[in-house]
1. From the list 219, 269, which residue is over 25 Å from residue 32 (Cα atoms), polar (S, T, N, Q) and in contact with a Pro (Cβ under 9 Å, 6 or more places away or on another chain)?
2. Do you know which residues across the range 154-175 are open to solvent by 60 Å² or more (accessible area, probe 1.4 Å), closer than 23 Å to residue 36 by Cβ and either part of a helix (DSSP H, G or I) or β-branched (Val, Ile, Thr) (or both)?
3. For residue 179, indicate whether it is at pLDDT 90 or above, closer than 15 Å to residue 280 by Cβ and not basic (Lys, Arg).
4. Restricting the first residue to the range 313-332 and requiring it to be open to solvent by 10 Å² or more (accessible area, probe 1.4 Å), which pairs with a second residue that is among the polar types (S, T, N, Q) and in a helix (DSSP H, G or I) meet a Cβ separation below 8 Å and a spacing of at least six or different chains?
5. Tell me which residues, restricted to the range 75-89, are part of a loop (DSSP other than H, G, I, E, B) and either farther than 17 Å from residue 102 by Cα or open to solvent by less than 60 Å² (accessible area, probe 1.4 Å) (or both).
6. Does at least one position in the range 207-215 carry a residue that is in a loop (DSSP other than H, G, I, E, B) and among the acidic types (Asp, Glu)?
7. Only one residue in 276, 293, 303 is open to solvent by 60 Å² or more (accessible area, probe 1.4 Å) and more than 30 Å from residue 190 (Cβ to Cβ), so which one is that?
8. Only one of these is within 20 Å of residue 328 (Cα to Cα) and in contact with a Gly (Cβ under 8 Å, 6 or more places away or on another chain): 263, 237, 248, 252. Name it.
Amino acid sequence: MENWDLIGHEWAVRLLQNHIRNQDTRHAYLITGPSGVGRRTLALRFIQSLNCLNPPEPGSFCGVCRVCRQVAAMQHPDLLVAAAETRGGILKIDTMRELQHSLNLNPYESPWRVALVLRFEEANQNAENALLKTLEEPPERAKIVLTANDENALLPTVVSRCECIRLRPQPADELKKVLTTRKQLPEAEAERIAHLACGSAGYAFSLLESPEKTERLLSIARDGIELFGENTRQRFRFAEDFRDVKKRPELRSILQVWQSLFRDLLLLSVDESTGSLTFMDYRAEMIALIRKSAPGTFRRMISRINEATTYLDANVNLQLLLEALFLDWPVL
């Protein structure tokens, strides 16, 4: 199967294939990159290649045998999958202890028993420390594959015990070509989706499958633009919607969109003709904002939003966190 049926990341596929062919696979891998870039898909393809019943060649997989199909569905008995209960939630130590216990058992039918831990940046410190013990003394017939947004969000001791594979989004032009050929999209729409997905093919496909996601994304960006023209009282009214701690994942998503929005504003403040925008739909509105804003405004706000995102991982009051951010929000 050419390039393991992945879009892009040829170098990562070649690296893992060579590890398998040379019988030199590591005991643990850490695959990082933004959501939708292909972390989980690459991990599953690697696991299929490790345990396929009828590989066409070393470092490949057939995709049709029982093991390949069950791994693709994440339902094989030798594949142990762990993650926080909800996206943006917390991966707790009890989950990691259960995983460790299962990983120490002999493989049911495959050469390797594999633990796949998704979104490991959501693990609390106790869960990370628990996994660290397994990374230091891995079972003989076991492999561990972690996925995470950024290795800097993890304990350095965890990262140092893994082979790190850092995936990057594709250039928007390359993803646009994929969307026009595979999805038969008109060029203008393919370009729009490629930019909204920030070069992540998986995210682009999810936007196409769920148009409401696209509308939600644009709506959040529009809220960020409209906040420029609102006073403190109006902004605090927006923050009142986040009194409930259960809205932490929603707020995380909003801050991520606003990071992209202010990146667009920063790029436009340097070059109004730039084509490297996420929110191409709002180019005119954003140009109007940069012409009224002081130099350094957008770089400072990117830093403040990053800081607020970091505090989300602590036990903070979401409403107060947003209100503090809004006190620094540019006023026109």
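The values are calculated or read from the model by the stated rules, or taken from the named source; none is laboratory data. On a predicted model such as this, the values are computed, not experimentally measured, just so you know. A quick note on method: Cβ atoms are made from the backbone with ideal geometry, for glycine too, and the neighbour counts reach across all protein chains shown. These area figures cover heavy atoms from the full protein model, side chains too; ligands, DNA and RNA do not enter into them. Shrake-Rupley method; radii C 1.70, N 1.55, O 1.52, S 1.80 Å.
1. None of the others qualify; the one that does is 269.
2. Matches in the range 154-175: 173, 174.
3. Yes; evaluated as a whole, the condition is true for this residue.
4. Final answer for the pair search is 327/232; 330/297.
5. Here is the first cut: in the range 75-89, the residues part of a loop (DSSP other than H, G, I, E, B) are 75-78, 83-89.
Matches in the range 75-89: 76, 77, 78, 83, 84, 85, 86, 87, 88, 89.
6. Pass one, the range 207-215, residues in a loop (DSSP other than H, G, I, E, B): 210.
Checking which are among the acidic types (Asp, Glu) leaves us with none.
Looking for residues that are in a loop (DSSP other than H, G, I, E, B) and among the acidic types (Asp, Glu), one finds none in the range 207-215, hence no.
7. Details: 276 fails: more than 30 Å from residue 190 (Cβ to Cβ); 293 fails: open to solvent by 60 Å² or more (accessible area, probe 1.4 Å).
Residue meeting the stated conditions: 303.
8. Only one candidate passes the filter, namely 252.
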